[in-house]
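Take a look at the structure below.
The values are calculated or read from the model by the stated rules, or taken from the named source; none is laboratory data. It should be emphasised that the depicted structure is a prediction, and the values quoted were computed from it without experimental measurement. Ideal geometry is used to build each Cβ from the backbone, glycine not excepted, and the neighbour counts take in all protein chains shown.
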Amino acid sequence: MAALLPDFEHDIFISYRHNDDLADGWVTEFVARLQNQLAATIKPRLSIYFDKDRSEGLGTTHMVGPSLEHRLRSFILIPLISQTYCDTSKFSWRQEFLPFLEQARADRLGLYLNLPGGNVGSRVLPVLINNLEREDEQLLKATLEGHLRSIRFVYEELGVNRPLSAKDDDQPLAPGGLLYRNQINRVATAIKELVAAATLPAVSAPAALPLPSAAVPVAIPAVASAVSVTAPVAAPVVAPMVAPASAAATGPVVFLAWTTDKLLLPRRDELVQVCTQAGLVVVPTADCPRDDDEFRERTQEALAAAGCSLHLLGNRFGRCFDDDYECSYGMYAYQEARKQAAARPGFRQFMWHCPDAAQPVQAAQEVFINSIRNELTGQCVFTNAPSAMQLVADVRSTLAQAPPSAPPANEDEKTGICFVFNELDTEEANAITDRLSEEFPLDILTIEPDSEQVYKDLTVRRIPESKLAVVYFKHSADWALPFVKQVWRLVGGAGSTTPILFVGEDDPAHNKLHSFKAPKVISRIQPHAGVSEEVRRVFQQLNQPA
């Protein structure tokens, strides 16, 4: 069957070690179930190349180049990462994995695609079927440019290291365990996003996001060399910086704060490269000034030209000002960015907490980080993203979203309860809302599959109009936790005027692991009958006279 895109022989190429399929046919079943899930997820039928019979596939006596040339000319590679896959001497690694990476980087699409939602996705979609040895994981990360964003199919149990199987779904789910059918769905969803990105017009060029409407670049003194979006190397000398001549054409301008923590310098360099690849323009481009006054001046100039700021938080407090030993360079950049956020509603701050687990955290830095956590608002995001690529994807996604609607000017205008749940929990949620509706006005929102972004935006608009927001879950815990975190941030975080009750049922048992502690959030796990009682209790407390 022909591939969806005319450039390729196949849509998907499955790369694996044959010994991973010999024991119980795991790979064969995975491919069959993935094909069925894709048929129910994507309208066009996708072609999958799967060498299910070694005698019919590629053997060691075959001419590798001619045999692989057409098969590897595929849109997506799914390597099934087992305990034996990361072996540089084996066929699957040398003649499938590495050649695909090389050709994907060179073809018209490139290895990374800008997804419709604003994130960045790789055409290599690793499926992890075993927990790996440290050296294997390091090899994978190095080969994939430091980014290992895999979908796990690993059975979780102490002393066990085997692939998750479809039969495991029939057993009681252990705390933190995975459902095979959910993971298959995640693979299909990731493929759907890549297909959508590849079939959009002009996919060969990074999709440039417009500057937030409130971010107006200011005139800054010219420099000897303009900002480059293709060579993200810091200039060797300190010089004033310039806003790009056509920022709207090259992407949003991001202020990437200087760091004086030597442990964070490689991370900042990596961020410059990833931001540039994602179509973002990074300022400042010069090295960090050593003079205090020049540092302040250059920081203010760069922030005025940017639509958002990105700050790295590590183990060390960093260099302090000669005239203020309690303020570090990093703290000053954070405080100046907060001023921009207060003056410009479209301005966003992103705080990337990426400490070295092997190093102690300085006391002053710990105090600084805690103060940031206590000051979070809808314009300031605190993240522990595992990689620079994920962080930049989150930044792009946030910049693409409209600022949250302002809450009603008068608290008396607020009414009732905004009750949000996933369609998976419809039966239980209906029983709860039926009981509550007898006493309180309810605004009920049901989040439907494949429409989460639309409903998230709707939720963000509705919550400020209510006295209490409730995010309820039973079977949808994996959806509920990231959903409530995003919504909480978008409605103002600690500055929100509407509290959120994040409440789940105690059955299934693993729901107890899903909690969210944050200002203005009440996190509870209750039996089914206790959910409505908890909502009633919290709402009545809110309405008690001060």
| note | Only one of (1) on the phi > 0 side of the Ramachandran plot; (2) at pLDDT 90 or above; (3) buried (at least 18 other Cβ atoms within 10 Å of the Cβ) does not apply to GLY493, and that is (2)
| message | Being basic (Lys, Arg), in contact with an Asp or Glu (Cβ under 7 Å, 6 or more places away or on another chain) and either within 27 Å of THR398 (Cα to Cα) or part of a loop (DSSP other than H, G, I, E, B) (or both) is true for just one of ARG316, ARG298. Which residue is that? | response | ARG316
| request: Considering each of LYS517, LYS485 in turn, give the residue that is within 21 Å of ASN384 (Cβ to Cβ) and either crowded, with 20+ Cβ neighbours inside 10 Å or without any contact (Cβ under 8 Å) to a residue 24 or more places away in the chain (or both). | output: LYS517
| task | Consider ALA333 carefully, then state whether it is in contact with a helix residue (DSSP H, G or I) (Cβ under 9 Å, 6 or more places away or on another chain), within 20 Å of VAL282 (Cα to Cα), small (Gly, Ala, Ser) and assigned to a helix (DSSP H, G or I). | result | yes
| remark: Reported set for region 93-113 where residues are of a type in the set (S, T, N, Q) and farther than 15 Å from ILE12 by Cα is GLN95
| task | Taking only region 364-405 into account, find how many residues are small (Gly, Ala, Ser) and modelled with pLDDT of 90 or more. | result | 1
| said: Being in contact with a helix residue (DSSP H, G or I) (Cβ under 9 Å, 6 or more places away or on another chain), at pLDDT below 85 and over 23 Å from LEU303 (Cα atoms) is the requirement here; does PRO408 meet it? | reply: yes
| note | ALA231 passes all but one of the listed conditions (1) at pLDDT below 90; (2) under 28 Å from TYR85 (Cα atoms); the exception is number (2)
| So, in region 423-447, of the ones that are more than 17 Å from ASP507 (Cα to Cα) and among the aliphatic types (A, V, I, L, M), which residue ends up farthest from the chain's Cα centre (by Cα)? | LEU436
| message | Test of understanding: among ASP261, ASP292, which residue is at pLDDT 90 or above, more than 30 Å from ALA104 (Cα to Cα) and surrounded by 16 or more Cβ atoms within 10 Å (Cβ to Cβ)? | response | ASP292
| query | Is there a residue being part of a helix (DSSP H, G or I), of a type in the set (D, E, K, R) and either more than 20 Å from the chain's Cα centre (by Cα) or surrounded by 14 or more Cβ atoms within 10 Å (Cβ to Cβ) (or both) anywhere in region 151-168? | reply | yes
| note | Of ASP53, ASP11, ASP20, ASP7, the only residue that is buried (at least 18 other Cβ atoms within 10 Å of the Cβ) and at pLDDT below 90 is ASP20
| request: Residues that are out of contact with any Gly (no Cβ under 8 Å at 6 or more places or on another chain): find the strands (runs of 3 or more DSSP E) completely inside region 68-134 holding 3 or more of those. | output: 74-81, 120-122
| query | So which residues in region 320-376 are touching a Pro at 6+ places or on another chain (Cβ under 6 Å) and small (Gly, Ala, Ser)? | reply | GLY346
